[in-house]
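Before any comments, here is the structure.
The values are calculated or read from the model by the stated rules, or taken from the named source; none is laboratory data. Remember, it's a predicted structure, so these values are computed and weren't measured experimentally. Heads up, the Cβs are rebuilt from the backbone with ideal geometry, glycines too, and the neighbour counts pull from every protein chain shown. Ligands, DNA and RNA are stripped out before the accessible areas are found, and what is left, the full protein with its side chains, is counted by its heavy atoms. Shrake-Rupley method; radii C 1.70, N 1.55, O 1.52, S 1.80 Å.
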Amino acid sequence: MEDVRRAGEKIYVPDTGALIEGLVSKLVSEGRVEGRVVIHRLVIYELEYNAMKDRAIGYAGLEEIKRLRKMSEEGRISVEISGEIPRGFDPRSFDNNGLEINMVIREYAYSIGGILITGNRVQAAIAEAMGIPVIYVEPVKTSGFILDKFFDDTTMSVHLREDTIPVA
């Protein structure tokens with residue numbers, strides 16, 4: 001990471017969820033994020049871990065980083081990878097609730113005077129309580145389940161089977 005901060009420059013630190021949900025590129029496109037986006041190495045490690053387990057969230061986060069790199073090449077933002085993976089960090093915590101990871105990202109944002117980007121309400125509340133500036137993007141609520149379109153007043157069940165048309 002560049003050690004010198006230009007006067008008035010803002011530094012944004014996204015958590016893993018913000019990258020998985022594509023929040024950062026959306027905020028850049030909306031003009032709400034300008035300057036430097038610093039992605040902590042632990043976030044990269046978590047995305048790699050999930051991609052290696054063939055989980056969609058790992059690939060989604062990596063695609064978001066690619067979008068941010070493209071925006072960086074276009075001169076809209078700068079993107080950096082920084083931060084240290086804590087000594088003795090156990091990657092099995094990626095399969096748990098992510099508390100340790102969220103804590104590391106928050107502490108990192110605090111230590112560099114960054115603005116945390118998150119879609120996690122609890123993460124945002126804790127960061128605000130610590131005095132860390134936060135951009136919280138509330139998750140988009142969908143209008144029901146995708147299967148709801150198969151149900152009406154006379155349908156009680158839907159039968160799904162691979163390579164066949166759903167039967168109601």
Self-check item: Spin-label pair R69/K26, simplified geometry with 7 Å Cα→Cβ offset, distance in nm
Solution: 2.3 nm
Practice problem: Pop out the ³J(HN,Hα) list for the range 26-36 in order, Karplus 6.51 cos²θ - 1.76 cosθ + 1.60 with θ = phi - 60°, rounded to Hz; leave Gly and Pro as x. | Solution: 5, 5, 5, 4, 7, x, 7, 10, 9, x, 10
Quiz item: So for E48, E100, what's the accessible-area order with a 1.4 Å probe, most first?
Solution: E48, E100
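Order the peptides 54-62, 83-91, 105-113 from the highest to the lowest mean number of other Cβ atoms within 10 Å of their residues. Present the calculation step by step, with values, prior to reporting the outcome.
Details: 54-62: 15.8, 83-91: 11.9, 105-113: 18.9.
Result, highest mean Cβ count within 10 Å first: 105-113, 54-62, 83-91.
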Self-check item: Where labels lie 7 Å past Cα in the beta-carbon direction, separation of E100 and E48 in nm
Solution: 1.7 nm
